[in-house]
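Student: Submitted below is the structure of interest, expressed as structure tokens.
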Amino acid sequence: MKRFILLAIATVFFFFQFQTNAVNALELNEETRTIALDETGKTTIMSDQQVSNGNRIFIQNCTKCHLQGKTKTNNNVSLGLEDLSKAEPPRDNLLALVDYLKYPTSYDGEDDYTELHPNVTRPDIYPELKNLTEDDVYDVAGYMLVAPKLDERWGGTIYF
């Protein structure tokens with residue numbers, strides 16, 4: 001009898017796995033997926049798949065320090081669009097964020113952070129990023145620009 005009950009419970013859990021698929025990628029409208037491409041004002045439209053992939057990569061690799069776009073190591077600077085726009089150079093567009101993910105610098109742009117901040121050009125220091133493709137880097141950068149449109153809490157301040 002005990003085996004039957006355990007089998008029934010396992011069957012129910014197994015069945016629900018098929019019904020709830022891991023939060024099937026949100027279908028976002030075109031306006032939400034439209035982000036700044038570069039500093040000239042050109043825009044690009046991310047696909048739902050790109051946003052979903054960027055979200056997955058961000059969660060796996062960035063949330064240790066940037067949960068909900070906040071910055072644990074520097075509470076004065078977040079990944080919010082306002083803070084990104086005030087960086088030097090501004091990081092509030094896709095190509096600038098891709099550049100940062102490859103060659104990170106300090107907020108004022110004066111110091112090279114390639115040995116301090118995870119980046120894809122230093123797999124010797126950050127092996128968790130060595131398998132990211134160029135498309136993955138674009139997707140995570142794009143997600144960082146879409147995220148503020150999805151969650152009003154994105155960026156902001158960390159309170160301890």
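Student: Once phi is turned into ³J(HN,Hα) by the Karplus curve 6.51 cos²θ - 1.76 cosθ + 1.60 with θ = phi - 60°, what whole-Hz value does each residue of the stretch 124-137 show in order, with x for glycine and proline?
Tutor: 5, 9, 10, x, 5, 9, 5, 8, 6, 8, 4, 4, 4, 5
Student: Net charge near GLU128, counting Lys/Arg +1 and Asp/Glu -1 over other residues with Cβ under 15 Å of its Cβ?
Tutor: Numbers: positive: ARG56, LYS64, ARG122, LYS130; negative: ASP124, ASP136.
My count for the surroundings of GLU128 gives +2.
Student: Once you list every other residue whose beta carbon is under 12 Å from the beta carbon of THR71, what net charge do they have if Lys and Arg are +1 and Asp and Glu are -1?
Tutor: On the way: positive: LYS64, LYS70, LYS72; negative: ASP83.
Summing Lys and Arg as +1 and Asp and Glu as -1 gives +2.
Student: Roughly how big is the stretch 39-115's charge dipole about its Cα centre, with Cβ charges of +1 (Lys, Arg) and -1 (Asp, Glu), in debye to the nearest 20? Display every interim value, and only then the final one.
Tutor: Values: 8 positive and 12 negative charges, 96 e Å.
Magnitude of the dipole: close to 460 debye.
Student: Another one. Hey, what do the phi angles of the stretch 143-156 turn into as Karplus ³J(HN,Hα) couplings, whole Hz, using 6.51/-1.76/1.60 and θ = phi - 60°, x for Gly and Pro?
Tutor: After applying 6.51 cos²θ - 1.76 cosθ + 1.60, I find 4, 4, 8, 7, 3, x, 7, 8, 9, 5, 8, 4, x, x Hz.
Student: Follow-up question, since we're still on this one. What's the percent breakdown of Cα-Cα distances in the stretch 102-160 across 10 Å bins, shortest bin first?
Tutor: Pair shares across the bins are 20, 36, 39, 5.
Student: How high is the FRET efficiency from ASP124 to ASP38, r the C-beta distance, R0 22 Å, rounded to 0.05? Before the final figure, lay out the partial values.
Tutor: On the way: r = 30 Å, r/R0 = 1.37.
Calculated transfer efficiency: 0.15.
Student: Could you derive backbone 3J(HN,Hα) for the stretch 76-81 from the dihedral phi with the Karplus parameters 6.51, -1.76 and 1.60 (θ = phi - 60°), listing whole Hz in sequence and x where the residue is Gly or Pro?
Tutor: Each residue's phi maps through the Karplus curve to give 7, 10, 10, 9, x, 4 Hz.
Student: Of the cross-linked pairs LYS102/LYS130; LYS102/LYS149; LYS42/LYS149; LYS42/LYS130; LYS64/LYS130, which ones have a Cα-Cα span greater than 22 Å in the structure shown?
Tutor: Too far apart for the 22 Å limit: LYS102/LYS149; LYS42/LYS130.
Student: Sort LEU84, LEU150, LEU129 so the one with the fewest other Cβ atoms within 10 Å of its own Cβ comes first.
Tutor: Working: LEU84 24, LEU150 14, LEU129 20.
Lowest to highest Cβ neighbour count: LEU150, LEU129, LEU84.
Here, each number is a calculation from the coordinates, and none is a lab measurement. Source: prediction; values computed, not measured. Every residue, glycine as well, gets a Cβ built from its backbone with ideal geometry; the counts of neighbours run over all protein chains shown.
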